[in-house]
Amino acid sequence: MDYIWQWNQIWDYRQVFVRGVQVTVILTCWALLIGMALGLLLGLMRSSRLLALRVPAAVYIDVFRATPILVQLVWIYYALPIISGVQMGNITSASVGIGLHSAAYIAEIFRAGIASIDRGQSDAAKSLGMGYGQAMRRIILPQAVRRMVPPFINEFATLMKLTTLGSVLAVNELLHEAENLINNTYRPLETYTAVAVVFGLLIYPFIWLSQRLEQRWKARG
Amino acid sequence: MSEPPIIRVQGLHKSFGKLEVLRGLDFEVSRGEVLAIIGPSGSGKSTLLRCLNFLEEYQAGEVLFNGQLVGYRRNGTGKLKLDSENNTRRIRARMGMVFQGFNLFPHKTVLENVMEGPLVVQRLSRHEAETRGRTLLARVGLIDKIGAYPAQLSGGQQQRAAIARALAMQPDAMLFDEPTSALDPELVGEVLEVMQALAAEGMTMVVVTHEMGFARQVADRVMVMDRGEIIELAPPAQVFGAPKSPRTAEFLRRVLH
Ligand SMILES: Nc1ncnc2c1ncn2[C@@H]1O[C@H](COP(=O)(O)OP(=O)(O)O)[C@@H](O)[C@H]1O
Ligand SMILES: [Mg+2]
């Protein structure tokens, strides 16, 4: 089989990729913001001694991890307005949906990170007279965050790739733009390859950074 | 007239679930006193110490620190209720604690470890906290290790830094939980020296220890615990010379060979 790769058309349409990347980055940023904030809250609740905090967080985490994100997105965009009367735009819906979904995973990263810190650390902080918030902020989380960097970068890469699901809500993110392009050029292989390369270029620097940070922290012990 | 005791424990009971770990303890510690606590492992020594500053909740009895109930308050009908976090924190800040495993903050330098309490809890200025930290680190012989991270120190140095960190809060009493048990034998002496100097300055100290030499020479009184009870509480000469309880005699025979 002799497939003739044609890259010049892709290059001619590079503006399409630039537009797509912009939307993808916006989606990623909003989803990440929501996922981090809610994930931290849920992770702290999940680590709590109080049943009234722990149980709702556990239910949230399990529900969002046990159901397909595609259904969650469709549900937020189409079903939520029927129930609540709140209709969000497609970019907002996609950001919120991906954010709520990732929060469940990020919560588990926080919970595991906090649980990995020796109890002696919070004992020492408490014995100095620190409160829960002070001990978390100054002693537990700074140590936990270091252990969370690898799984967190992992989740970040997953999240960025999940933004391609925005296409089902007609969000013009990278993949959606690429599919439109294919309809014009009939060059699916080149286009999808270009999409993969762009995602790789977006994500790889974070993986590299994560490895550098790990090495640096390991050196200090 | 004698001063009221700085620590008073009355009828203290503590259980972990069904396991009763402390079975009704009564004792007092007076200001400036050094009380050593010895006894077989699992007898509840650490748990007792952790009840004193309410790192563990207790189920019955009272712990009073400077006359103030620790961890609980009485409501209108005289029943005990969990005290607010703020009140418990205030009392905790008056008691320094030193742990078997040091528990220094690994992401902070030695000086930052010592400054942490004054800075965050007492809200001292950075300058004041640093001055206090340097003074204390000089006192425990670590002035040249100020910028090091805990992982770069020997066990003995880490424990001395941990003592300085606790002292930085200018506590009324210090609680030590087997401070030398995790150390290589050749490093035990430097930590005991620091503790001995502290005792000589008049610090009130409650020291759980396996160092019988320290209990004998430095402590004013020695408490022997076994299975959650106090089986002996007397000056060292009596505990080591003429123990009243056969269980004490048996325990001492084992640890002193
Ligand atoms: N957090 C805990 N949960 C359940 N049991 C505990 C806990 N801490 C201590 N214990 C139990 O309480 C008993 C007394 O322990 P501890 O106070 O550590 O004794 P010691 O310090 O004298 O060796 C032991 O049987 C121990 O297993
Ligand atoms: Mg112990």
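The values are calculated or read from the model by the stated rules, or taken from the named source; none is laboratory data. Fair warning: this is a prediction, and the values are worked out from it, not measured in the lab. All Cβ positions, even for glycine, are placed from backbone atoms using ideal geometry, and neighbour counts span all protein chains on display.
List the residue pairs whose Cβ atoms are under 9 Å apart, where the first residue sits in region B:21-48 and is within 14 Å of another protein chain (Cβ to nearest Cβ), the second is polar (S, T, N, Q) and within 10 Å of ligand 2 (Cβ to nearest atom), and the two are 6 or more positions apart or on different chains.
B:Ser46/B:Gln100
Pairs only if they're at least six apart or on different chains, beta carbon under 7 angstrom, first in region B:52-76 and within 14 Å of chain A (Cβ to nearest Cβ), second away from ligand 2 (no atom under 16 Å from the Cβ) and charged (D, E, K, R); list them, first residue then second.
These pairs meet every condition: B:Asn53/B:Arg92; B:Phe54/B:Arg92; B:Leu55/A:Lys126; B:Phe65/B:Arg94; B:Gly71/B:Glu57; B:Gly71/B:Asp83.
Go through region A:112-139 and report how many residues are in a helix (DSSP H, G or I) and either within 10 Å of chain B (Cβ to nearest Cβ) or surrounded by fewer than 16 Cβ atoms within 10 Å (Cβ to Cβ) (or both).
Qualifying residue count for the region: 17.
Select the helices (runs of 4 or more DSSP H) contained entirely in region A:1-98, then report the ones holding at least 1 residues which are within 15 Å of the chain's Cα centre (by Cα).
Result: A:14-46, A:51-66, A:69-74.
Is it the case, given these coordinates, that A:Pro151 is of a type outside the set (Ser, Thr, Tyr), within 18 Å of the chain's Cα centre (by Cα) and in a helix (DSSP H, G or I)?
It is true that A:Pro151 is of a type outside the set (Ser, Thr, Tyr), within 18 Å of the chain's Cα centre (by Cα) and in a helix (DSSP H, G or I).
Would you pick out the residues in region A:11-28 that are of a type outside the set (Phe, Trp, Tyr) and exposed (fewer than 13 other Cβ atoms within 10 Å of the Cβ)?
A:Asp12, A:Arg14, A:Gln15, A:Val18
Have a look at B:Glu33, B:Glu57, B:Glu62 and point out the one that is over 14 Å from the mean Cα position of the chain (by Cα) and either more than 16 Å from ligand 1 (Cβ to nearest atom) or under 30 Å from B:Ala138 (Cβ atoms) (or both).
After ruling out the rest, the residue left standing is B:Glu62.
Can you find a residue in region B:140-159 that is in contact (Cβ under 8 Å) with a residue 24 or more places away in the chain and within 19 Å of B:Val206 (Cβ to Cβ)?
Checking region B:140-159: at least one residue is in contact (Cβ under 8 Å) with a residue 24 or more places away in the chain and within 19 Å of B:Val206 (Cβ to Cβ).
B:Lys108: within 12 Å of chain A (Cβ to nearest Cβ), crowded, with 18+ Cβ neighbours inside 10 Å and over 23 Å from B:Phe214 (Cβ atoms), yes or no?
Values: within 12 Å of chain A (Cβ to nearest Cβ): yes; crowded, with 18+ Cβ neighbours inside 10 Å: yes; over 23 Å from B:Phe214 (Cβ atoms): yes.
Taking the combined requirement at face value, the residue satisfies it.
Tell me, which strands (runs of 3 or more DSSP E) wholly within region B:167-257 include 2 or more residues that are touching a Leu at 6+ places or on another chain (Cβ under 7 Å)? Outline the logic, then answer.
Values: elements: B:173-177, B:204-208, B:221-226, B:229-234.
Hits in region B:167-257: B:173-177, B:204-208, B:221-226.
From B:Asn75, B:Asn113, grab the single residue that is more than 16 Å from ligand 1 (Cβ to nearest atom) and at pLDDT 95 or above.
Values: B:Asn75 fails: at pLDDT 95 or above.
Testing whether each residue is more than 16 Å from ligand 1 (Cβ to nearest atom) and at pLDDT 95 or above leaves just B:Asn113.
Report yes if A:Gly97 is within 7 Å of chain B (Cβ to nearest Cβ) and not aliphatic (A, V, I, L, M), otherwise no.
Spelling it out, it is not the case that A:Gly97 is within 7 Å of chain B (Cβ to nearest Cβ) and not aliphatic (A, V, I, L, M).
Is it the case, given these coordinates, that B:Asn86 is in contact with a Gly (Cβ under 8 Å, 6 or more places away or on another chain), under 22 Å from A:Ile140 (Cβ atoms) and away from ligand 1 (no atom under 16 Å from the Cβ)?
Yes: the conditions hold for B:Asn86.
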